[in-house]
Structures are given as structure tokens and as C-alpha cells.
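Just below is one structure, and these are the notes that go with it.
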Amino acid sequence: MFLASQRPIIGVTRVVALRSLREFWSRHADAERPLRAWYHDARKAAWWSPGDIRNAYRNASILANNRVVFRIKGNQYRLVVAVRYEKGVVYIRFIGTHHEYDQIDATTA
């Protein structure tokens, strides 16, 4: 647990590896709009705990190692992120099709 004074300022969540999302939607054009929407929401989020993410995204899967899986475009795609709640940083770890997701271990991706 950390003190409220240690929390990042609301609205400045840093999403690392936007490039990964751009590269993905350049190959899967139908994913661009939902990924841009997710990115926009994540940048403005105040996620201090997994519960905060679940409140915003009821279908998000909270995994070990601070990993979270978001279902993109009606579960056609999966986005795995690692969250550093105390720093206000979200790291893109994987973006792929549902089939590609089935081939990885999301807790270590």
C-alpha cells in the first residue's frame, strides 16, 4: 500500500508502448477505433488497484504479476498490460488475436 501523496496525479497515467498498438492496428484496421478508445481511457484513468480497473472494465481479467487482460472489439482481440499502480504506468505486453492470445502465458507476457 502507498500513501495518497505518492499516487500519480489523476489524468497522467503513462501508457508505455503506444507504438505496439499502432503497429497492430496497421495490420488489423478494425482494431484501430477500439484500441484508440482504450488508450484514451487508460491515459485519463486513476487505477490505484485492480478493483479500479474492474470498476471501469467489467470484462477485464485480473491476473497474477499485475497483468490485466482487456477484451478488444467484442473479444476478437486481446490486450495484455502490466500495471504499476504505485507509479501510474501501464505497459503494453501483448496485443493479438484471440487465437494468438491462446498461445501465450499472459502472466509472464
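The values are calculated or read from the model by the stated rules, or taken from the named source; none is laboratory data. Values in this document were obtained by computation on a predicted structure and should not be read as measured data. Positions of Cβ are backbone-derived with ideal geometry, glycine not excepted, and every protein chain shown enters the neighbour counts. Only protein heavy atoms, including side chains, enter the accessible area calculation; ligands, DNA and RNA are left aside. Shrake-Rupley method; radii C 1.70, N 1.55, O 1.52, S 1.80 Å.
In this calculation the C-beta distance from SER61 to GLU86 is compared with R0 = 25 Å, giving a FRET efficiency of 0.70. The relative contact order of the chain comes to 28 percent, based on Cα pairs under 8 Å that sit 6 or more residues apart. In a simple Cβ point-charge model (Lys, Arg +1; Asp, Glu -1; nothing else charged), region 14-108 has a dipole of about 300 debye relative to its Cα centre.
Taking the C-alpha atoms only, the angle from helix 18-27 to the longest principal axis of the chain is near 20 degrees. The modelled label-to-label distance for the pair LYS73/ALA46, using points 7 Å beyond Cα in the direction of Cβ, is 3.3 nm. Over the chain, all Cα pairs binned in 10 Å intervals from 0 give whole-percent P(r) values of 14, 50, 30, 6, 0, listed from short to long. Compared with the dominant principal axis of the Cα atoms in the chain, helix 32-44 is inclined by about 10°. Net length available on complete extension from ALA37 to ASP105 is 21.9 nm, with 0.36 nm assigned per residue and the Cα-Cα distance removed. Taking θ as phi - 60° and the Karplus parameters 6.51, -1.76 and 1.60, the scalar couplings of region 56-73 work out to 8, 10, 4, 8, 5, 9, 8, 10, 5, 6, 6, 8, 9, 10, 10, 8, 10, 6 Hz in sequence order, x denoting glycine and proline.
Considering only protein heavy atoms and a 1.4 Å probe, what is the carbon-and-sulfur percentage of the accessible area of the chain? With neighbouring chains kept in place, the figure for the chain is 48 percent.
Put the Cα centre of region 15-38 next to the Cα centre of region 70-109 and the gap is 12 Å.
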